[in-house]
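The values are calculated or read from the model by the stated rules, or taken from the named source; none is laboratory data. Treat the numbers as computed from the prediction; the structure is a model and nothing was measured. So basically every Cβ, Gly included, is an ideal-geometry build from the backbone, and we count neighbours across all protein chains shown.
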Amino acid sequence: MSTEAQHFRELRTWAKRHQPHFERGPGHGLGCPHRYLRASGDVLPTSARAACEALIDPASADSELAAVWLHIVPTGGFILPCQPVLEWGPSTGGPGERLEELVLAVAVDGPDGATHLLSGSPRREPEQAGHRLTVHSDSWYWVSPVLGPERISLVWIMR
Amino acid sequence: MTKVPVTIALRGHAKIRAAAQQHASLFVRHPTPQEAARSAAGRLPFRPPSHYGYAWDRCAVLPYEHTPASLRGVIARTFEESEIPTSFSRFALVRYEPGDYLFPHREDTASSLFSLTSSTEDGLIVQREGGEFVRIPDRAGRHVVVSPGQWHWVDPVRRPRLTLMVSPPLEIPPG
């Protein structure tokens with residue numbers, strides 16, 4: 001098993017065993033609330049946090065890591081069409097603060113998948129552990145109702 | 001998780017698929033060049049529309065008014081053989097190639113949707129009561145009613161897909 005696969009396995013194992021640490025995920029799409037869970041990177045134990053840090057792509061010279069979460073979309077759950085950077089990004093604060101991008105990394109292979117919309121055409125993303133999707137401020141994203149097992153992903157936002 | 005009752009109402013759907021394939025050239029591919037030009041010229045940020053035409057989507061449509069009599073006959077006979085009332089006033093066949101999709105949208109009127117192909121990967125996402133959304137995998141012959149104002153969409157499909165939309169919707173008891 002590759003090192004990256006081991007890190008994802010660590011996160012999956014922790015997420016499945018510690019769902020009480022997860023809160024109902026905020027946000028809406030199409031006038032209705034999403035149905036997913038999320039846990040901030042701050043509540044992760046040392047080992048899981050280390051796994052996150054190993055998986056998160058290094059920041060560029062002019063950006064910094066603003067937030068990290070683990071997302072669980074349970075069977076039957078969904079994330080409705082939304083703009084993730086605006087939905088989950090930190091508040092913009094004062095003038096000059098610029099949101100960069102948000103990255104979603106799939107933690108487990110599965111039959112389901114996310115849909116990413118940029119420049120007018122949606123694309124269905126593969127659901128393979130380690131697949132990363134970068135969305136920018138004008139990107140739309142959704143996860144249609146999950147039919148398979150819970151869908152776990154690592155999410156981080158750069159500022 | 002909200003369970004969606006499965007109604008496999010339409011038997012003989014293979015006949016409709018075969019007849020539709022024979023008339024494949026009659027399907028209108030969306031977006032048409034005119035729709036694409038209008039969209040590119042005045043493209044707004046994506047906003048799921050409340051009312052729409054197929055201009056937003058990528059699929060091929062054969063509406064009732066352009067369906068030849070022979071194909072209408074196949075559809076009517078298939079419904080009769082399935083003991084489904086043919087009380088609808090209009091229908092449209094919608095064909096998807098891999099990558100095709102229907103954007104999230106909702107309509108003022110209800111309709112019946114029949115899957116004419118089966119897939120473990122593709123299907124219809126539709127809003128249900130209380131803010132629930134469900135994904136209904138494609139199963140040939142399956143019947144789903146979409147009510148007015150219910151959001152629904154088709155994610156980019158992975159396999160060729162064919163559906164029949166009928167309006168007004170049909171009352172078919174689950175069986």
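Mind listing whichever residues of the stretch B:63-120 are in contact (Cβ under 8 Å) with a residue 24 or more places away in the chain, surrounded by 14 or more Cβ atoms within 10 Å (Cβ to Cβ) and in a loop (DSSP other than H, G, I, E, B)? Correct list: B:Thr67, B:Ser82, B:Ile84, B:Phe88, B:Asp100, B:Arg106, B:Glu107, B:Ala110, B:Leu116, B:Thr117, B:Ser119. The set of residues from the stretch B:85-110 being within 22 Å of B:Lys15 (Cβ to Cβ) and modelled with pLDDT of 85 or more comprises B:Arg90, B:Phe91, B:Ala92, B:Leu93, B:Val94, B:Arg95, B:Tyr96, B:Glu97. Restrict the check to the stretch A:60-69 and report whether at least one residue is closer than 30 Å to B:His152 by Cα and within 14 Å of another protein chain (Cβ to nearest Cβ). Checked the stretch A:60-69: no residue is closer than 30 Å to B:His152 by Cα and within 14 Å of another protein chain (Cβ to nearest Cβ). Going by what's in this entry, would A:Ala51 be described as surrounded by 15 or more Cβ atoms within 10 Å (Cβ to Cβ), in contact with a His (Cβ under 9 Å, 6 or more places away or on another chain), touching a residue at least 24 places away in the same chain (Cβ under 8 Å) and outside any strand (DSSP E or B)? Considered against the rule, which asks whether it is surrounded by 15 or more Cβ atoms within 10 Å (Cβ to Cβ), in contact with a His (Cβ under 9 Å, 6 or more places away or on another chain), touching a residue at least 24 places away in the same chain (Cβ under 8 Å) and outside any strand (DSSP E or B), A:Ala51 comes out as yes.
Scanning the stretch B:37-57 turns up at least one residue that is at pLDDT 80 or above and either within 14 Å of chain A (Cβ to nearest Cβ) or under 20 Å from the mean Cα position of the chain (by Cα) (or both). Filtering the stretch B:121-134 to residues that are in contact with a strand residue (DSSP E or B) (Cβ under 6 Å, 6 or more places away or on another chain), surrounded by fewer than 18 Cβ atoms within 10 Å (Cβ to Cβ) and at the interface with chain A (Cβ under 9 Å from one of its Cβ atoms) leaves only B:Gly131. Are any residues in the stretch A:4-38 charged (D, E, K, R) and in contact (Cβ under 8 Å) with a residue 24 or more places away in the chain, and if so, which ones? Scanning the stretch A:4-38 gives A:Glu4, A:Glu10, A:Arg12, A:Lys16, A:Arg35, A:Arg38. As a summary of the residue check, A:Glu10 satisfies the conditions (1) modelled with pLDDT under 85; (2) over 30 Å from B:Arg158 (Cβ atoms) except for the one numbered (1).
Residue-level check: of (1) out of contact with any Lys or Arg (no Cβ under 7 Å at 6 or more places or on another chain); (2) at the interface with chain A (Cβ under 9 Å from one of its Cβ atoms); (3) buried (at least 22 other Cβ atoms within 10 Å of the Cβ), B:Pro137 misses just (3).
Condition check: within 12 Å of chain A (Cβ to nearest Cβ), out of contact with any His (no Cβ under 6 Å at 6 or more places or on another chain), among the basic types (Lys, Arg) and surrounded by 15 or more Cβ atoms within 10 Å (Cβ to Cβ). Does B:Arg161 satisfy that? Judged against the criteria, B:Arg161 is not a match. For the stretch A:32-46, taking the residues that are in a loop (DSSP other than H, G, I, E, B) and farther than 15 Å from A:Leu80 by Cα, the one that is nearest to the other protein chains (Cβ to nearest Cβ) is identified as A:Leu44. Restricting attention to the stretch A:104-118, report how many residues are in contact with a Lys or Arg (Cβ under 9 Å, 6 or more places away or on another chain) and at the interface with chain B (Cβ under 9 Å from one of its Cβ atoms). So the count comes out to 4. Pairing residues of the stretch A:123-143 that are closer than 16 Å to A:Arg159 by Cα and more than 10 Å from chain B (Cβ to nearest Cβ) with residues that are modelled with pLDDT of 90 or more and part of a strand (DSSP E or B), at Cβ distances under 6 Å and at least 6 apart in sequence or on separate chains, gives A:Val135/A:Tyr141. Looking at A:Val85, A:Val68, just one residue is of a type outside the set (S, T, N, Q), assigned to a helix (DSSP H, G or I) and under 12 Å from A:Val103 (Cα atoms), and that residue is A:Val85.
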